[in-house]
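This report refers to the structure that appears directly beneath it.
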Amino acid sequence: MMGVLPLADVRADGDREIPVERARNAPVFTLYFENDYFGGEDQHYTNGLKLSWVTGDLSEWGQEGWRKTFVESLPFVNQPDRQKNFGISLGQNIYTPQDTNLVIPDPDDRPYAGWSYLEFSFISKTERVMDTVAIQLGIVGPHSYAEDFQKVFHKWINDDEPRGWDSQLEDEFGINLIFERKWRLYARTLGDTLGIDFVPHVGASLGNVQTYANAGGVVRAGFNLPSDFGVDLIRGGGAVSTPVNDRDPRVAADRSWSFFVFGGVDGRAVGRDIFLDGNTFRDSPSVDKKPFVGDAYYGVGLILGTWQLTYTEVVRTREFDGQDDMSYFGSVTLSKAF
């Protein structure tokens with residue numbers, strides 16, 4: 001029969017509590033890889049790579065001393081009745097103009113740019129709501145080593161070497177402060193395996209690299225849906241979330257697989273984007289950015305045991321004046337729960 005998925009600590013039938021011990025003690029490691037090669041292009045946002053580790057529940061971590069003071073000073077995530085997770089990520093994004101064969105790039109096209117960063121995040125959640133506060137620290141410019149990575153990657157795939165990196169943005173230290181809230185608003189099951197859920201989100205980033213406000217959501221449907229808040233693209237505050245309860249197939253005793261499809265959108269009101277606006281404190285190539293940018297995406301996910309694999313196709317609206325076409329890229333995530 002149709003029923004509500006277990007969004008609180010009580011099962012859909014209301015008869016008994018859902019165990020959470022395995023879920024609370026299950027950290028998750030994730031590899032993200034995004035590239036426009038999947039979309040048949042080589043332009044704009046051309047590559048993203050991110051390694052992420054999210055701990056198991058650390059509810060007891062902040063109960064005394066400086067740790068208690070630190071947790072209580074964080075906005076949104078310091079509620080005592082929530083699961084708490086800490087995340088650390090290492091990432092790199094690469095951006096290029098449309099024609100990478102030009103030694104002197106078209107001044108009306110987006111500039112070459114790379115962004116390499118560390119991200120630290122603090123996550124607080126119930127089965128209905130997840131809040132993330134994150135900080136990104138990194139560098140834009142030659143010492144992001146985006147040029148080196150792209151040239152090596154193009155050599156691996158036997159593609160033309162991009163020729164305009166001498167015109168990339170200059171070195172600049174970058175910092176972004178990020179907040180995002182997700183809700184698991186709607187969730188239904190048919191029988192014990194087939195399910196559907198809806199996870200909307202709102203967020204914001206403030207920094208010299210990216211300043212924006214965003215909102216969107218994703219719908220998932222499939223068998224043995226994981227009890228989490230979904231898989232994100234590479235963006236600030238986004239992560240493969242750890243299981244919330246022991247019904248998640250990555251930790252469940254009575255199920256060890258899941259297959260699902262999903263589709264979603266994310267829209268951003270953009271205040272600053274260094275990859276389009278150029279360097280903050282010096283002259284550099286730049287273009288006139290669009291104030292609103294949106295992503296639409298769809299994909300498929302598979303869980304086998306403690307492993308999860310997803311693939312996502314993404315279309316992004318035009319990001320600057322004079323951009324000929326929308327951008328297309330693919331996103332792959334591979335994660336493991338421990």
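Taking each pair of distinct Cα atoms in the range 133-270 once, what is the resulting Kirkwood hydrodynamic radius in Å? Can you show the working numbers first?
On the way: mean 1/r = 0.0557 Å⁻¹.
Value: 17.9 Å, from the Cα pair sum.
Can you tell me which of 310-318, 123-131 comes out highest on packing, and rank the rest after it, using the mean Cβ neighbours within 10 Å?
Going from most to least packed, we get 123-131, 310-318.
So what's Rg/Rh here for the range 2-337, counting alpha carbon atoms and using the Kirkwood radius for Rh?
Rg/Rh for the range 2-337 comes to 0.99.
Which lysines, on any chain, are close to K50 with Cα under 17 Å apart, when same-chain ones fewer than 8 places away are left out?
Straight-line reach from K50, under 17 Å: K336.
Using only the alpha-carbon atoms, how far is helix 146-156 inclined from the longest principal axis of the chain? Give it as 0 to 90 degrees, nearest 10.
90
Sort 100-110, 257-267 by the packing proxy (mean of other Cβ within 10 Å over each peptide's residues), most packed first.
257-267, 100-110
Values quoted throughout were computed directly from the atomic coordinates according to the rules given, and no laboratory measurement underlies them. Just so we're clear, the structure is a prediction, and the values are computed from it rather than from any experiment. Because the Cβ atoms are built from the backbone with ideal geometry, glycine has one as well, and the counts that use them run over all protein chains shown.
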